[in-house]
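Each remark here refers to the structure printed beneath this line.
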Amino acid sequence: MEFARGTFNDAVIEPGEWVARFPRADLADARRRAQALKLIGQLDLPFAVPQVIEDRLDLPLGQAHVVISYLPGGPSETASDEAVREVLDALAGVELSEELVALLDEPLHHAGGPRTAETITELVFPLLSDDERGQAAEVLKRFADLPVIRGFVHGDLAPVNLHWQHGKITGIIDWDFACAGDPALDAAAFANYGWPLVRRVTPGLYERALTHAAMFPLTGAASALRQGADPAKYLAWFRRRCAVRAHPPTS
């Protein structure tokens, strides 16, 4: 048995069998996300989604939990264009029904939702130097200039949430950030495998993906601060980019 700490939940993992997730706060959001996961699990997707085995989010905080299925597969240090394209095309093909949208997060809910820029300014800027604040302000300006686009978005396609088998993404976990938002946000996450891949697979999303990726350290820091957690790793990530004045580096 293994233990893990996620963004919103503590988890008990029985490898190959199940994962029990215990929310640390905000049971209302946890209940909504569990309902969203049940609905997402019914979508016709070319990869597996964790299935809800037991929902006991009616219990008090500390006891409340949801048990989901364990997905086989493991991480991959490389990704083919075909594997990434299959995932992004599948997400793009999901119809945003009223029922689904009602259960999804609002975009960047964890970092303040529609007040994300204000939250970053209020919470993160005081921790930055004058030069760093100037660079962060430039990132926020780019973000504010993005068009409003709505598609089905996972919201956190980091390598840790992708389960690979035989060169394909066969399972995707951690749908807590799923939202009706800009698909370029998901494209940006695949830059973990290199920006040339993102440009090849999603040329129409590439420029917007750069801006979403530029926001990742700032939204991560804002989210950590809102939860009373340590934003140090996100600030260090942002400062590494400040050192080369590239948000994000693409080479």
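No lab work stands behind these numbers, since they all come straight from the coordinates. All values reported here derive from a predicted model rather than from experimental measurement. A quick note on method: Cβ atoms are made from the backbone with ideal geometry, for glycine too, and the neighbour counts reach across all protein chains shown.
Points worth noting:
- In the range 211-251, the ratio of gyration radius to Kirkwood radius, Rg to Rh, stands at 1.01 when only Cα atoms are counted.
- Evaluated over the chain, the Cα radius of gyration and Dmax, each in Å: 17.9, 50
- Förster radius 30 Å - calculated FRET efficiency between Ser129 and Glu77 (Cβ-Cβ, nearest 0.05): 0.30
- Coarse-grained scattering of the range 188-227 at q = 0.23, 0.32 Å⁻¹, given as base-10 log I(q)/I(0) from a Debye sum over alpha-carbon atoms: -0.69, -1.00
- Averaging Cα coordinates gives a centre for the range 74-127 and one for the range 157-214; these two points are 9 Å apart.
- Taking a straight line from the alpha carbon of Lys141, these lysines sit under 26 Å away, with near neighbours fewer than eight places off in the same chain left out: Lys233.
- Straight-distance crosslink candidates among lysines, where the alpha carbon sits under 30 Å from Lys38 and sequence neighbours closer than 8 are dropped: Lys168
- Our coupling estimate for the range 203-209, obtained by passing each phi through the Karplus curve with A = 6.51, B = -1.76, C = 1.60 and θ = phi - 60°, is x, x, 9, 4, 5, 5, 4 Hz, Gly and Pro reported as x.
- Structural size metrics of the range 180-251, computed from C-alpha coordinates, are Rg and Dmax of 12.9, 39 Å.
- Spacing of the modelled spin labels on Ala232 and Thr7, each 7 Å from Cα toward Cβ, amounts to 2.2 nm.
- Magnitude of the charge dipole, the chain, Cβ model with Lys/Arg +1 and Asp/Glu -1, debye to 20: 660
- The chain, relative contact order [Cα under 8 Å, separation at least 6], %: 18
- Relative intensity, log₁₀ I(q)/I(0), of the range 104-251 from a Debye sum that treats every alpha carbon as a point, q = 0.14 Å⁻¹: -0.67
- Virtual spin-label span in nm between Ala137 and Gln42, 7 Å along Cα→Cβ: 4.9
- Residues whose amide H falls under 5 Å from that of Trp18, counting only those 5 or more places apart or on a different chain, are Tyr70, with hydrogens built in the peptide plane.
- For the range 2-69, the Cα-based Rg and Dmax, in that order, read 11.8, 36 Å.
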